[in-house]
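**Student:** The following block contains the structure, expressed as structure tokens.
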Amino acid sequence: MDVSARESFSYDESLLDRRALKNFLILDEILKRFPKKSGVECVFCEESIKIHNLHDMFRAYACAVSCLAHHTESVGVADLLVFFEVEDFVMRKARGREMWSVRDVLEFRRDTKEMYEEALRDQLVAVFKTHFMEKSIKINCEQDVESITYKYYKLVDDGEKTGLEMRSLELVLILLFKRDELIRFFRVFWPNRKSYAVFKLALILSMRLESHVSTERLLKEFEGFPFEEDSLFPYNGDVDSLHEINEMLENSEPDIGEWFRMQQEKMYWMECVRMWAANRESDPGTMDNSMIELCIKNKRYEDGWLIYKNDMKSTNVGIVKACILCIKGLKSSNGSCVWESRTAEVIDNAVFSGDLKSLHALINEIVSKLWEIPAVQRVFVLGRFSKAADCMCKDEDLIAELLKGLQALCTECRDFETRDLCVRYSEMVYDEWKKAKKKFLFFKKQSHHGLQIRSSMLGIYGATKDCKKFYNVYQDLMKSNTELSRELCTKLESLHIRDCEECILRRRQLTVNGNRKAPPVFNFLNKP
């Protein structure tokens, strides 16, 4: 076989690296040492094949597989790492882009370069199929390109297979694992010696829905099994694919059960990402929002943030998801400032959009949940609401909702900074609301909004034990001629009696007229 390289490469030719050429030269020498059958035409042995680019490489690989499958009579001892590297290189060029992480999916762009690479992959597979023809249908081969490593293993005499080095068995099983060929994998796995590494690979494959071997069977059958020492792992060589496997098999948990649980979570998430990527092109908005829900549910907050940052246009659904994501991220951040700045960004985006539904989302999903996070983070986030509070003064629904949220926050949190901000914002919003009412900017008939707004203010001043301001709001309530229910009167009385300990009239009771209207004056609330 002649191997040559041009001084200048076109795009596809540059994908053929020197290491691949070197390994193929060694593979050529190995294959030609094996005894051959007579009377069999073999392009690999009879013709001179020059490798200049990937198309030539795939033609040479196909001829090599054909030689091993149809022309080779028996095989001897060989360095399977050479087989592994050649096949791994070919498979990486033949397989489509694998997107197992959210970042991979978001960074994918179906541009001219990607379309070229897809067309190139189709061409390379076609070249392989042209020069390798299997004599019988191989239903257990899951890939378009056949495995030369597995073909070698099949030619090893049964008696000699038991004598294969653990390193060679691991390389065969790793390749079959990477090729997703479950039946072939377990055909090699069952009769041979086993290291702890290949047992872990078997466990991972058993989690697949299409696996004919159950995880329970493996765990039960190999409980207390004397595994041989791993020969390849921990891996510190220069083969990238083996580093990937090494990372997968790394086990900081000595308990196999805990490692298995972690792998289940990883596989479940990879399947979620795969399904999201497969359906995203048809309806990216819906799919992205659904994926953020999964990120929140599975505590993949960083992935959720990547999706939000990628293409959320501050729509209602997007802001709602982002708010929930931020609160969850804050609760799990262990004091990190990252989620504080992200929450501030979401608040600013919602305020900038001016969208009422987005502003409602800020109140319902952030303000009302701030009591769940540490005080330092809570004060920082609450401090970002100055512009938001000013923006919310333009809508009575928002005012009522915001004050209700601030009241709940004031009641739940005892730290001075939180309560100080709650009082400051509530007073600003309440004053703006009263000015708007005087200017008849809110033309709605006197409704539950006014009652709810004043009730929230009373609750805030009751929580902070500010009797003077409590009384001022009470006076506003009386002047509004708002119809009060028995329940509200009871609530106001109990709140005042509970919190205003210095009021000399706090023990006096309130009676409600038979027509359910409050008397003209709440005597028990009069200033001492």
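**Student:** Considering only segment 208-231, how many residues are surrounded by 14 or more Cβ atoms within 10 Å (Cβ to Cβ), within 23 Å of Glu142 (Cβ to Cβ) and aliphatic (A, V, I, L, M)?
**Tutor:** 2
**Student:** Being surrounded by fewer than 20 Cβ atoms within 10 Å (Cβ to Cβ) and either among the polar types (S, T, N, Q) or modelled with pLDDT under 90 (or both) is the filter here; which residues of segment 397-413 pass it?
**Tutor:** Within segment 397-413, Thr411 is the sole residue that qualifies.
**Student:** Here is a follow-up. From the list Leu201, Leu205, Leu294, which one is touching a Cys at 6+ places or on another chain (Cβ under 6 Å), assigned to a helix (DSSP H, G or I) and surrounded by 14 or more Cβ atoms within 10 Å (Cβ to Cβ)?
**Tutor:** Details: Leu201 fails: touching a Cys at 6+ places or on another chain (Cβ under 6 Å); Leu205 fails: touching a Cys at 6+ places or on another chain (Cβ under 6 Å).
Leu294 is the lone residue from the list that is touching a Cys at 6+ places or on another chain (Cβ under 6 Å), assigned to a helix (DSSP H, G or I) and surrounded by 14 or more Cβ atoms within 10 Å (Cβ to Cβ).
**Student:** Residues Ala69, Ala64: which one is in contact with a Leu (Cβ under 9 Å, 6 or more places away or on another chain), surrounded by fewer than 21 Cβ atoms within 10 Å (Cβ to Cβ) and either assigned by the TED database to the domain that holds Val127 or not charged (D, E, K, R) (or both)?
**Tutor:** None of the other options fit; the residue is Ala69.
**Student:** Exactly one of these conditions fails for Gln143: (1) part of a helix (DSSP H, G or I); (2) farther than 26 Å from Glu229 by Cβ; (3) not hydrophobic (A, V, I, L, M, F, W, C). Give me its number.
**Tutor:** Every listed condition holds for Gln143 apart from (1).
**Student:** Restricting segment 233-287 to residues that are in a loop (DSSP other than H, G, I, E, B) and of a type in the set (S, T, N, Q), which is nearest to Arg103 (Cα to Cα)? Please lay out each step first, then the result.
**Tutor:** Of all residues in segment 233-287, those in a loop (DSSP other than H, G, I, E, B) come to 233-239, 250-255, 280-283.
Remaining after also requiring of a type in the set (S, T, N, Q): 236, 251-252, 282.
On the way: Asn236: 27, Asn251: 24, Ser252: 25, Ser282: 19 Å.
Applying the filter and picking the extreme gives Ser282.
**Student:** Scan segment 440-490 for residues that are at pLDDT 75 or above, assigned to a helix (DSSP H, G or I) and among the acidic types (Asp, Glu) and report the count.
**Tutor:** 1
**Student:** Pull up segment 106-124, narrow it to residues that are in a helix (DSSP H, G or I) and within 17 Å of Asn310 (Cα to Cα), then point me to the one that is modelled with the highest pLDDT.
**Tutor:** Let us first name the residues in segment 106-124 that are in a helix (DSSP H, G or I), namely 106-107, 112-124.
Going one step further and asking which of them are within 17 Å of Asn310 (Cα to Cα), we end up with 106-107.
Values: Leu106: 88, Glu107: 85.
Within segment 106-124, the match that is modelled with the highest pLDDT is Leu106.
**Student:** Run down Ile319, Ile373, Ile327 and say which single residue is in contact with a Lys or Arg (Cβ under 8 Å, 6 or more places away or on another chain), over 24 Å from Val423 (Cα atoms), touching a residue at least 40 places away in the same chain (Cβ under 8 Å) and buried (at least 19 other Cβ atoms within 10 Å of the Cβ).
**Tutor:** Working: Ile373 fails: over 24 Å from Val423 (Cα atoms); Ile327 fails: over 24 Å from Val423 (Cα atoms).
Criteria check complete, one pass: Ile319.
**Student:** Leu120: surrounded by fewer than 18 Cβ atoms within 10 Å (Cβ to Cβ) and under 17 Å from His55 (Cβ atoms), yes or no? Break it down stepwise before answering.
**Tutor:** Numbers: surrounded by fewer than 18 Cβ atoms within 10 Å (Cβ to Cβ): yes; under 17 Å from His55 (Cβ atoms): yes.
Spelling it out, Leu120 is indeed surrounded by fewer than 18 Cβ atoms within 10 Å (Cβ to Cβ) and under 17 Å from His55 (Cβ atoms).
**Student:** Quick test of your reading of the structure: Asn192 fulfils all but one of (1) closer than 30 Å to Asp122 by Cβ; (2) not in a helix (DSSP H, G or I). Name the failing condition by number.
**Tutor:** Among (1) closer than 30 Å to Asp122 by Cβ; (2) not in a helix (DSSP H, G or I), the lone unmet condition for Asn192 is (1).
**Student:** In segment 33-55, which residue that is charged (D, E, K, R) and touching a residue at least 40 places away in the same chain (Cβ under 8 Å) is surrounded by the most Cβ atoms within 10 Å (Cβ to Cβ)? Outline the logic, then answer.
**Tutor:** Initial filter on segment 33-55 (charged (D, E, K, R)): 33, 36-37, 41, 46-47, 50.
Add one more test, that the residue is touching a residue at least 40 places away in the same chain (Cβ under 8 Å), and what stays is 33, 50.
Values: Arg33: 9, Lys50: 11.
Result: Lys50.
The values are calculated or read from the model by the stated rules, or taken from the named source; none is laboratory data. As the structure is a prediction and not an experimental result, all values here were calculated from the model. Here Cβ is always computed from backbone atoms with ideal geometry, including for glycine, and neighbour counts include all displayed protein chains.
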